[in-house]
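See below for the structure under consideration.
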């Protein structure tokens, strides 16, 4: 059964690796998520090298159908978020190459 | 926004931290998510979204050039599902008049 990690696990990792207080580690994790979210809401693409890219895509209006009643309903144009994993992430998920020692990685892919 | 800009913004917000510490913090967070996914686990970040791994079954593929059949083995792919709050925020901004042009 897969385990589910949460913010708490991420901030524990920061606490262990970087040695900030638990409180501050949690705040930094929150700040990272906030900055990424805010950029996406502004319509920016967010590219985290060696991890992946978050892209906001515009979806046009279209007619949908209520699957239960068969009724046609208009679907408004909307923005959806798409995550494109990097090759490094894809390889790791497939049991591939464990990468450079964690938390030592730089921007370069 | 790219990784280095994220680090830059966090460094500005946290003047008591060294730039290299902020780099490590950012690297640790994404490494931890990567490690969880590599173990087949999920990462659920309320309001932001959830990362999980999906399994694509083995199938017979075809070499498009030669038409030859090739076995494609089962593989696992990372998957992200946007959280409710972020999904709502993405679409609230749409009704606002100030929609900055897409970067990159």
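The values are calculated or read from the model by the stated rules, or taken from the named source; none is laboratory data. Every value quoted in this text rests on a predicted model; they were computed, and no experiment measured them. All Cβ positions, even for glycine, are placed from backbone atoms using ideal geometry, and neighbour counts span all protein chains on display.
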So for region A:77-96 (the condition being farther than 30 Å from residue B:74 by Cα, touching a strand residue (DSSP E or B) at 6+ places or on another chain (Cβ under 9 Å), surrounded by 13 or more Cβ atoms within 10 Å (Cβ to Cβ) and at pLDDT 90 or above), does at least one residue qualify?
yes
If you check residue A:64 against the conditions, is it more than 8 Å from chain B (Cβ to nearest Cβ), assigned to a strand (DSSP E or B) and surrounded by fewer than 20 Cβ atoms within 10 Å (Cβ to Cβ)?
yes
Residue that is farthest from residue A:84 (Cα to Cα) [pool: residues in region A:40-56 that are in contact (Cβ under 8 Å) with a residue 40 or more places away in the chain and at the interface with chain B (Cβ under 7 Å from one of its Cβ atoms)]:
A:40
Being more than 21 Å from residue A:7 (Cα to Cα) and modelled with pLDDT of 95 or more: is that true of residue B:75 here?
no
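Does at least one position in region B:46-66 carry a residue that is at the interface with chain A (Cβ under 7 Å from one of its Cβ atoms) and assigned to a strand (DSSP E or B)? Full working, then the answer.
Step one: list which residues in region B:46-66 are at the interface with chain A (Cβ under 7 Å from one of its Cβ atoms), which gives B:48, B:53.
Now narrow it down to the ones that are assigned to a strand (DSSP E or B): B:53.
So far as region B:46-66 goes, yes, one or more of its residues are at the interface with chain A (Cβ under 7 Å from one of its Cβ atoms) and assigned to a strand (DSSP E or B).
Residues in region B:1-22 that are facing chain A (nearest Cβ under 7 Å), without any contact (Cβ under 8 Å) to a residue 60 or more places away in the chain and in contact with a helix residue (DSSP H, G or I) (Cβ under 8 Å, 6 or more places away or on another chain): how many?
So the first thing to find is which residues in region B:1-22 are facing chain A (nearest Cβ under 7 Å), and the list is B:1-4, B:6, B:9-10, B:13, B:21.
Next, from what is left, pick out any that are without any contact (Cβ under 8 Å) to a residue 60 or more places away in the chain: B:2-4, B:6, B:9-10, B:13, B:21.
Narrowing the set further to residues that are in contact with a helix residue (DSSP H, G or I) (Cβ under 8 Å, 6 or more places away or on another chain) leaves B:3, B:6, B:9-10, B:13, B:21.
Going through region B:1-22 one residue at a time, the tally reaches 6.
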Could you count how many residues in region A:1-24 are in contact (Cβ under 8 Å) with a residue 12 or more places away in the chain and more than 8 Å from chain B (Cβ to nearest Cβ)?
3
